[in-house]
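The values are calculated or read from the model by the stated rules, or taken from the named source; none is laboratory data. Please read these numbers as outputs of a predicted model, since none were measured by experiment. As a convention, Cβ positions derive from the backbone with ideal geometry for all residues, glycine included, and neighbour counts pool all protein chains shown.
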Amino acid sequence: MPMHEYHPMNYRPGTAEVAETAREWLARRGVTITQIAQLTLMLQKDYYPNLTLEECEKNVEAVLKKREVQNALLTGIQLDMLAEEGKLMQPLLSIVRNDEGLYGCDEVLALSIVNVYGSIGLTNFGYMDKVKPGIMKRLNNKKGNEVHTFLDDIVGAIAAAAASRMAHNLSGDDKD
């Protein structure tokens with residue numbers, strides 16, 4: 001078989017590469033699996049009193065294995081990074097940098113994550129987006145040069161999806 005010359009338009013990343021990159025980018029942006037799992041635990045502790053952080057971490061890990069989740073995560077983080085670097089064109093640059101209230105594209109991208117496990121995650125995500133608990137509060141802080149317009153919502157969506165996954169699995173409706 002002839003070797004194919006690398007050409008950017010023909011490049012197709014493999015599943016493992018996308019998954020690894022998504023996890024690396026989360027870590028570079030200062031977000032850990034444990035921090036996301038803490039949000040999931042907060043959402044579910046009243047419904048499952050014996051729930052552990054470790055169980056929540058397993059569910060967050062399972063959510064992060066989904067290609068749709070990885071794609072949304074990479075897209076959102078990339079847009080945040082481009083805004084930090086001033087590489088988006090105006091007026092989008094200012095809109096993303098300032099996380100303007102009427103700019104809902106960040107939430108819409110996050111909803112693609114929530115929807116992986118059905119509509120049950122919608123209310124959990126809405127709550128997370130409104131309250132901004134835990135790591136989401138730091139990510140939503142608009143002081144300094146860091147931009148996390150997309151990432152705060154993505155983190156909340158991953159936590160909400162993990163909570164939804166748990167609800168499905170515990171009810172016997174295994175969605176994986």
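Residue check: is Q35 surrounded by 13 or more Cβ atoms within 10 Å (Cβ to Cβ), touching a Leu at 6+ places or on another chain (Cβ under 8 Å) and not aliphatic (A, V, I, L, M)? No.
What are the residues in the range 80-113 that are in a helix (DSSP H, G or I) and either touching a His at 6+ places or on another chain (Cβ under 8 Å) or closer than 23 Å to A161 by Cα (or both), if any? So that I can check it myself, show each step before the final result.
To start, the set of residues in the range 80-113 that are in a helix (DSSP H, G or I) comprises 80-84, 92-98, 105-113.
Passing the criteria: D80, C105, D106, E107, V108, L109, A110, L111, S112, I113.
With the condition kept exactly as written, say whether any residue in the range 154-167 is free of Cβ contacts under 8 Å to residues at least 60 places away in the same chain, among the small types (G, A, S) and part of a helix (DSSP H, G or I). Yes, some residue in the range 154-167 is free of Cβ contacts under 8 Å to residues at least 60 places away in the same chain, among the small types (G, A, S) and part of a helix (DSSP H, G or I). Residue check: I113 meets all listed conditions (1) in contact with a Leu (Cβ under 9 Å, 6 or more places away or on another chain); (2) at pLDDT below 95; (3) of a type in the set (V, I, T) but one, namely (2).
Residue-by-condition table, conditions (1) surrounded by fewer than 15 Cβ atoms within 10 Å (Cβ to Cβ); (2) within 17 Å of D99 (Cα to Cα); (3) at pLDDT 95 or above:
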| position | (1), (2), (3) |
| --- | --- |
| I120 | no, no, no |
| N124 | no, no, no |
| P133 | no, no, yes |
| V147 | no, yes, yes |
| I158 | no, no, yes |
| L170 | yes, no, no |
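Any residue at all in the range 17-33 that's part of a loop (DSSP other than H, G, I, E, B) and more than 23 Å from K143 (Cα to Cα)? No: zero hits.
Contact map, the range 18-45: first residue under 18 Å from D152 (Cβ atoms), second residue in a helix (DSSP H, G or I) and among the charged types (D, E, K, R), Cβ cut-off under 7 Å, separation 6 or more or different chains; pairs are I33/E57; I33/E61; T34/E57; A37/E57. The one condition from (1) assigned to a loop (DSSP other than H, G, I, E, B); (2) surrounded by fewer than 24 Cβ atoms within 10 Å (Cβ to Cβ); (3) at pLDDT 95 or above that K142 does not meet is (3). As an exercise: evaluate K137 against (1) out of contact with any helix residue (DSSP H, G or I) (no Cβ under 8 Å at 6 or more places or on another chain); (2) closer than 23 Å to V60 by Cα; (3) in a loop (DSSP other than H, G, I, E, B) and give the number of the one condition it does not meet. Every listed condition holds for K137 apart from (3). Taken over the range 1-26, the criterion of being modelled with pLDDT under 75 and of a type in the set (D, E, K, R) is satisfied by E5 alone. Taking the criterion of being more than 20 Å from N71 (Cα to Cα) and among the charged types (D, E, K, R), the residues of the range 89-127 that qualify are R97, D99, E100. What do you reckon, is Y11 more than 22 Å from K132 (Cα to Cα), of a type outside the set (K, R) and in a loop (DSSP other than H, G, I, E, B)? In short, yes.
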